[in-house]
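Colleague: Sharing a structure below in structure tokens format, with a few things to ask.
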Amino acid sequence: MTESPSFVRPDVAMFLQFLNAVPGPKFWEVSADEARAITSAMRDVADAPVGELAVIRDIEIPGPAGTIPARVYDNRADRAPGPVMVFYHGGGFVIGSLYTYEPYCAEVARLLDLPVISIDYRLSPEHPFPAPAEDCEAATRWIASSPAELGLKVTGLITSGDSAGGNLTIVTTMALRDKPAAVPVLVQFPIYPVVTLDPDWPSMRDFANGYLLTEEAMTYFGEGHAAVPNDYRSEPLNFPQEGMPPSLVTTASLDPLRDQGLAYVDKLRQAGVHVQHISADGNIHGHINIRQAIPSVQTDVEGYIKALKNMLADVTPST
């Protein structure tokens, strides 16, 4: 039995009370550089420590407009051939970075016991649509080819990301479905993804203000990214999903993006794709980066990775 849509976890309520009372300008009221600085500072206040990990290593990936920075996280110093997760961070295509997502990526590398490679794609408004998607596709194809610089033998891919990175997860997976890379995408794992430019959803109205991702923030991101309507990279919900790999899709019940995420789950099911949906009931958009401020998020993340492990076990041969 799921909770009422109006249910708010106690630790989520406490965080929102704190967040909404913080004085000073909000990130959507300042320049992109200032907004990125605010987001980086939030990691130090709200997210969990990075913790111990055998490998945290920066690499450079050739991209369509120059080098794409990336960071490898691994629980093991020596790794046999196997799958890797390619992670595309969130932040409305405007904010977010390797730094702001380092605690989450490190935790996934520990829980999943597979390498996680975080992609520092170009950001808008300096590099508007479709630059982020172009970088993510190029980086993922490079990783799939197991180049010597990567230092890993890759046998399959897990594509994943949250919010804008959830969009990048889906559109990168679509691109690799239509023109396969050197190894297949085994599972895609979009987290509260952006899948349409259409704002007309009940959850967009119900949670437009006071729940971290606000109407003002979404307008700020939209203007910066300048996505083109009717392109699969901006509105994957409106394009065929047949032939997509098994998919784990998560949403949050207090998220403005909740309903479009649910619509994407339905789209996958109608296309005959094996899909599992997990709802973070009583939780907000962006929660994977707030594990210290909202302690219950740790249970969410552990549940996501347990479900992902089970999906991977179904599509990879046992050893």
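The values are calculated or read from the model by the stated rules, or taken from the named source; none is laboratory data. Since we're looking at a predicted model, the values are computed, not measured. Please note: Cβ atoms are built from the backbone with ideal geometry, for glycine as well, and neighbour counts cover all protein chains shown.
Colleague: Just to confirm my filter: which strands (runs of 3 or more DSSP E) fall fully inside the range 1-112 and include at least 2 residues that are closer than 23 Å to Arg258 by Cα and not charged (D, E, K, R)?
Modeller: 82-88
Colleague: Now, a different point. Of the residues in the range 254-278, how many are under 17 Å from the mean Cα position of the chain (by Cα) and among the small types (Gly, Ala, Ser)?
Modeller: Number satisfying all stated conditions: 1.
Colleague: Go through (1) assigned to a helix (DSSP H, G or I); (2) over 15 Å from the mean Cα position of the chain (by Cα) one by one and return the number of the condition Thr140 breaks.
Modeller: (2)
Colleague: Since Tyr73 meets every condition but one in (1) hydroxyl-bearing (Ser, Thr, Tyr); (2) out of contact with any Leu (no Cβ under 7 Å at 6 or more places or on another chain); (3) under 23 Å from Arg110 (Cα atoms), which condition does it not meet?
Modeller: The one condition Tyr73 does not meet is (2).
Colleague: So, one more: Could you identify the single residue in Glu242, Glu223 that is in a helix (DSSP H, G or I) and surrounded by fewer than 17 Cβ atoms within 10 Å (Cβ to Cβ)?
Modeller: Working: Glu242 fails: in a helix (DSSP H, G or I).
Going through Glu242, Glu223 in turn, just one is in a helix (DSSP H, G or I) and surrounded by fewer than 17 Cβ atoms within 10 Å (Cβ to Cβ): Glu223.
Colleague: Here's another thing I want to ask about it. Which residue, of Ala46, Ala54, Ala32, is in contact (Cβ under 8 Å) with a residue 40 or more places away in the chain and within 30 Å of Arg76 (Cβ to Cβ)?
Modeller: Details: Ala54 fails: in contact (Cβ under 8 Å) with a residue 40 or more places away in the chain; Ala32 fails: within 30 Å of Arg76 (Cβ to Cβ).
The conditions single out Ala46.
Colleague: Only one of Leu212, Leu152, Leu168 is touching a Gly at 6+ places or on another chain (Cβ under 8 Å) and part of a loop (DSSP other than H, G, I, E, B). Can you tell me which?
Modeller: Details: Leu152 fails: touching a Gly at 6+ places or on another chain (Cβ under 8 Å); Leu168 fails: part of a loop (DSSP other than H, G, I, E, B).
Result of the check over Leu212, Leu152, Leu168: Leu212.
Colleague: If Ile288 satisfies all but one of (1) part of a helix (DSSP H, G or I); (2) of a type in the set (A, V, I, L, M, F, W, C); (3) surrounded by fewer than 21 Cβ atoms within 10 Å (Cβ to Cβ), what's the number of the condition it fails?
Modeller: (3)
Colleague: Identify, please: which residue in the range 196-218 is among the aliphatic types (A, V, I, L, M) and more than 9 Å from Asp255 (Cα to Cα) and is, among those, surrounded by the fewest Cβ atoms within 10 Å (Cβ to Cβ)?
Modeller: Quick first cut of the range 196-218, residues among the aliphatic types (A, V, I, L, M) only: 197, 204, 208, 212-213, 217-218.
Going one step further and asking which of them are more than 9 Å from Asp255 (Cα to Cα), we end up with 197, 217-218.
Details: Leu197: 16, Ala217: 23, Met218: 19.
Looking at residues that are among the aliphatic types (A, V, I, L, M) and more than 9 Å from Asp255 (Cα to Cα), I get Leu197.
Colleague: Ok, one more. Could we say that Leu19 is more than 26 Å from Phe221 (Cα to Cα), in contact with a helix residue (DSSP H, G or I) (Cβ under 9 Å, 6 or more places away or on another chain) and not small (Gly, Ala, Ser) here? Spell out how you get there, then give the answer.
Modeller: On the way: more than 26 Å from Phe221 (Cα to Cα): no; in contact with a helix residue (DSSP H, G or I) (Cβ under 9 Å, 6 or more places away or on another chain): yes; not small (Gly, Ala, Ser): yes.
Spelling it out, it is not the case that Leu19 is more than 26 Å from Phe221 (Cα to Cα), in contact with a helix residue (DSSP H, G or I) (Cβ under 9 Å, 6 or more places away or on another chain) and not small (Gly, Ala, Ser).
Results for (1) among the hydrophobic types (A, V, I, L, M, F, W, C); (2) surrounded by fewer than 24 Cβ atoms within 10 Å (Cβ to Cβ); (3) at pLDDT below 95; (4) at positive phi, shown as yes or no for each residue.
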residue	(1), (2), (3), (4)
Pro64	no, yes, no, no
Thr67	no, yes, no, no
Val72	yes, yes, no, no
Arg79	no, yes, no, no
Phe93	yes, no, no, yes
Tyr104	no, no, no, no
Leu112	yes, yes, no, no
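Colleague: Given the conditions (1) touching a residue at least 60 places away in the same chain (Cβ under 8 Å); (2) in contact with a Leu (Cβ under 7 Å, 6 or more places away or on another chain); (3) assigned to a loop (DSSP other than H, G, I, E, B), and given that Pro229 satisfies all but one, which numbered condition is not satisfied?
Modeller: (1)
Colleague: Related question: So which residues in the range 118-137 are assigned to a loop (DSSP other than H, G, I, E, B) and either farther than 18 Å from Ser97 by Cβ or more than 17 Å from the chain's Cα centre (by Cα) (or both)? So that I can check it myself, show each step before the final result.
Modeller: Let us first name the residues in the range 118-137 that are assigned to a loop (DSSP other than H, G, I, E, B), namely 120-130.
Scanning the range 118-137 gives Pro125, Glu126, His127, Pro128, Phe129, Pro130.
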